[in-house]
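What follows is a set of notes on a single structure, which appears directly below.
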Amino acid sequence: MKLLNITLVSALLVISFYVLAIGKAFFVPIIISIVIWYLVKTIATEYARLKIFGKNTPWAVAMFFSFITMGLVIWFLIMIIDSNINKLIQEAPFYQVKLQNIILGFCEKFNIPEVPQLREVLSSIDFTSTLSSLASTISSIAGLTAMITVYLILILLESHTFENKLRALLPNKTSYNRVQKTIENVNQDIKTYVKIKTFVSFLTAMLSYIVLLIVGVDFAPFWGLLIFFLNYIPTIGSIVAVLFPVTLSLVQFDTIYPFIILLVFLTAIQIGVGSILDPRLMGKSLNLSPLVIILSLALWGKIWGILGMFLCVPIMVIINIILAKFNSTRPIAIILSAKGKVK
């Protein structure tokens with residue numbers, strides 16, 4: 001019986017991931033809509049705390065300003081990407097050749113063996129292709145704007161009727177109160193995660209952008225934006241966020257000092273904000289195991305490409321929050337967590 005259950009669960013997982021892979025065009029807009037919805041609700045909660053004539057801002061007004069704020073933020077992000085990505089793709093071959101020459105020259109200077117093999121590895125790296133894939137992913141998201149907007153409106157309309165449906169499904173008051181409390185706790189934990197992670201990512205990106213601007217690195221706004229998104233991916237995202245602009249400085253400038261300055265300051269920012277401030281604000285209970293993060297990146301990257309790699313950690317955190325709220329699935333949440341501590 002136990003073997004049968006394991007087989008059924010395994011088969012269900014395989015079928016689920018297959019459906020997610022072939023249904024990418026359907027599921028991705030929904031996932032993005034849900035993430036944006038939580039961002040909108042989080043912003044609206046902050047607006048609702050503002051006092052107008054001594055009273056809290058009405059929820060409808062707070063939601064209106066929240067949607068306006070989110071729209072302006074998305075427009076600002078699109079403007080930064082649009083004004084930088086094409087220029088970066090054009091410059092990518094020049095940067096790639098210069099980086100190859102620097103690495104090969106370093107190997108020859110210090111008599112490092114196996115340079116031919118290294119040359120083959122370097123020649124296989126294609127910055128232009130990587131950046132083009134990133135640009136294609138961003139363009140595909142922009143193309144889904146209308147569909148995402150429709151889903152957001154539907155979620156907004158559905159949220160008003162959800163409580164009535166829940167009451168109809170659970171006429172017993174005790175059962176209703178227990179389920180409603182669980183849903184409220186899940187929503188609160190998800191909003192806490194979204195709010196704190198967005199704040200921490202924004203702070204990291206702004207501090208990094210200031211350093212990039214002072215040093216004079218090309219495409220500083222784009223790298224700052226990339227750092228913002230990459231910081232949603234713990235550990236690995238932080239490493240990649242530092243690696244890109246630091247590598248660019250190595251090929252952009254004729255001296256090594258900008259490289260050293262960026263390496264020191266960007267790493268210090270990542271450690272200071274990501275390793276000290278973030279855990280204090282977030283708490284260990286919402287953190288995932290590094291192994292789970294790596295496996296999630298590989299799995300969701302295979303299913304949904306670059307976009308899946310950006311979405312995988314928020315998805316896994318939300319799943320883990322939900323799993324932690326039920327006794328039957330709580331052991332799974334403990335296994336997925338960083339140190340076995342879940343709420």
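Mind checking whether some residue in the stretch 50-69 is charged (D, E, K, R) and more than 22 Å from TRP304 (Cα to Cα)? Yes, that holds for at least one residue.
When the stretch 213-245 is filtered for residues that are open to solvent by less than 20 Å² (accessible area, probe 1.4 Å) and outside any helix (DSSP H, G or I), the ones remaining, listed by number, are VAL217, ASN231, ILE233. Name the residue that is least open to solvent (accessible area, probe 1.4 Å), counting only residues in the stretch 25-57 that are free of Cβ contacts under 8 Å to residues at least 12 places away in the same chain and of a type in the set (Val, Ile, Thr). Filtering first and then ranking leaves THR57. Set side by side, the residues GLN96, GLN90 differ, and just one is within 30 Å of GLN252 (Cβ to Cβ), in a helix (DSSP H, G or I) and open to solvent by 70 Å² or more (accessible area, probe 1.4 Å), which is GLN90.
Select, from LEU263, LEU207, LEU248, LEU203, the only residue that is assigned to a helix (DSSP H, G or I), under 22 Å from ILE89 (Cα atoms) and either of a type in the set (A, V, I, L, M) or in contact with a Pro (Cβ under 7 Å, 6 or more places away or on another chain) (or both). Only one candidate qualifies: LEU248.
Taking residues in the stretch 164-182 that are more than 21 Å from ILE318 (Cβ to Cβ) and modelled with pLDDT under 80, and partners anywhere that are among the hydrophobic types (A, V, I, L, M, F, W, C) and not in a helix (DSSP H, G or I), the pairs with Cβ atoms closer than 7 Å and at least 6 places apart or on different chains are TYR176/LEU170.
All of (1) closer than 29 Å to VAL194 by Cβ; (2) crowded, with 19+ Cβ neighbours inside 10 Å; (3) not basic (Lys, Arg) hold for MET206 with one exception: (2).
The condition of being modelled with pLDDT of 70 or more, on the phi > 0 side of the Ramachandran plot and open to solvent by 80 Å² or more (accessible area, probe 1.4 Å) does not hold for PHE76.
Filtered by the rule that a residue be assigned to a helix (DSSP H, G or I), open to solvent by less than 30 Å² (accessible area, probe 1.4 Å) and of a type in the set (Val, Ile, Thr), the stretch 305-342 gives VAL313, ILE315, VAL317, ILE321.
Each row is one residue, and each column tells you yes or no for (1) at pLDDT below 80; (2) among the small types (Gly, Ala, Ser).
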| site | (1), (2) |
| --- | --- |
| GLY237 | yes, yes |
| ILE256 | no, no |
| LEU262 | no, no |
| THR267 | no, no |
| GLY274 | yes, yes |
| ARG280 | yes, no |
| CYS312 | yes, no |
| LYS325 | yes, no |
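The values are calculated or read from the model by the stated rules, or taken from the named source; none is laboratory data. Note that the structure is predicted; figures quoted are calculated from it, not measured. No Cβ is skipped: glycine too gets one built from the backbone with ideal geometry, and neighbour counts run over all protein chains shown. The accessibility values were calculated without ligands, DNA or RNA, using every heavy atom of the protein model including side chains. Shrake-Rupley method; radii C 1.70, N 1.55, O 1.52, S 1.80 Å.
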